[in-house]
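The values are calculated or read from the model by the stated rules, or taken from the named source; none is laboratory data. These figures come from a predicted structure and were not determined experimentally. Cβ atoms come from the backbone with ideal geometry, glycine included; neighbour counts cover every protein chain shown.
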Amino acid sequence: MLELRNVSFEVRDDNSEKTKEIIKNVSLTIGDNEFVAITGPNGGGKSTLARLIMGIERPTSGQILYNGQDITGMSITERAKLGIGFAFQMPIRFKGITVKDLLTLAYGDKLTTSEACQYLSEVGLCARDYVGREVNASLSGGELKRIEIATILARKPVFSIFDEPEAGIDLWSFQNLIRIFERLHKEMNGSIAIISHQERILNIADRIIVIADGEVLTQAASEEILPKILSDSLGCLYHKEVEGLSAFGKDGK
């Protein structure tokens, strides 16, 4: 179980001596084996919250606990060893490292070419075309995104965080992603937190948490809150972003 207790995060404004509060006294819990979708308007603090959970950023105040252990001061590596995994919105490129090398590092042990290819196939990549390629500028953003998700599958973390996994993904791959997340939730016996605007992802989550202006605006079971998000009652808080939230699904795409 992951718990945030009164977590705040602020940064210094480059144009003044003042600080800007990005996350404001957030308290929430994500239970064991729970699939949570975190959504809300752009700039509301969703990605910052994910980075705080992973340890990429440190809270200005408050605590983060994982299975009852205070991990607030722990490094990314220490959190990874506890079973927390993170997929970036913009995946990192690794010049000189092959796709198989990256999957092997994620797996944490020797990985055969056949096993590496299986993980790539699961995210919709033709394995023989990718397993020996470098994770560098020759790969598109969508390809890197799918490779990064393959590393999550290989690592099998107990708590997985995905920051807008649909970004840069084509429609076919997006449909495959939905199946991957459903399978992860069913088979991996771990918790999943996904930051997303997409209706199809919100629809398969157990619970939706809406973050706006650095605060938890509301949270509830998916079937209870999703209709409100797609209606005018919460849609006004999304500004123009709400149009993108239901871009997939209303017309069957």
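When you check residue 13 against the structure, is it within 27 Å of residue 154 (Cα to Cα) and acidic (Asp, Glu), yes or no?
Here the answer is no, as residue 13 does not meet what is asked.
Within segment 90-126, can you find the residues that are within 30 Å of residue 64 (Cβ to Cβ), of a type outside the set (A, V, I, L, M) and surrounded by 17 or more Cβ atoms within 10 Å (Cβ to Cβ)?
Selection gives 91, 104, 107, 119.
Being of a type in the set (Ser, Thr, Tyr) and within 20 Å of residue 50 (Cβ to Cβ): is that true of residue 140 here?
no
Starting from segment 16-28, keep only residues that are free of Cβ contacts under 8 Å to residues at least 40 places away in the same chain, then list their pairs with residues that are in a loop (DSSP other than H, G, I, E, B) and not polar (S, T, N, Q) whose Cβ atoms are within a distance under 8 Å, requiring at least 6 positions of separation or different chains.
If the second residue must be in a loop (DSSP other than H, G, I, E, B) and not polar (S, T, N, Q), the pairs left are 19/13; 20/13.
Name the pairs whose Cβ atoms lie under 9 Å apart, with the first residue in segment 63-79 and touching a residue at least 12 places away in the same chain (Cβ under 8 Å), the second assigned to a strand (DSSP E or B) and exposed (fewer than 13 other Cβ atoms within 10 Å of the Cβ), and 6 or more positions between them or separate chains?
63/6; 63/70; 64/70
Could you check segment 16-46 and list, in sequence order, the residues that are within 15 Å of the chain's Cα centre (by Cα) and buried (at least 20 other Cβ atoms within 10 Å of the Cβ)?
The answer is 30, 35, 36, 37, 38, 39, 40, 45, 46.
Would you check which residues across segment 21-34 are over 14 Å from residue 215 (Cβ atoms) and not polar (S, T, N, Q) and list them?
30, 31, 32, 34
What tally of residues in segment 172-201 results from selecting those that are over 27 Å from residue 82 (Cα atoms) and in contact (Cβ under 8 Å) with a residue 40 or more places away in the chain?
Summing the residues that are over 27 Å from residue 82 (Cα atoms) and in contact (Cβ under 8 Å) with a residue 40 or more places away in the chain in segment 172-201 gives 8.
Going by the structure shown, is residue 239 more than 24 Å from residue 176 (Cβ to Cβ), modelled with pLDDT under 90 and not aromatic (Phe, Trp, Tyr)?
For residue 239, the condition - more than 24 Å from residue 176 (Cβ to Cβ), modelled with pLDDT under 90 and not aromatic (Phe, Trp, Tyr) - is met.
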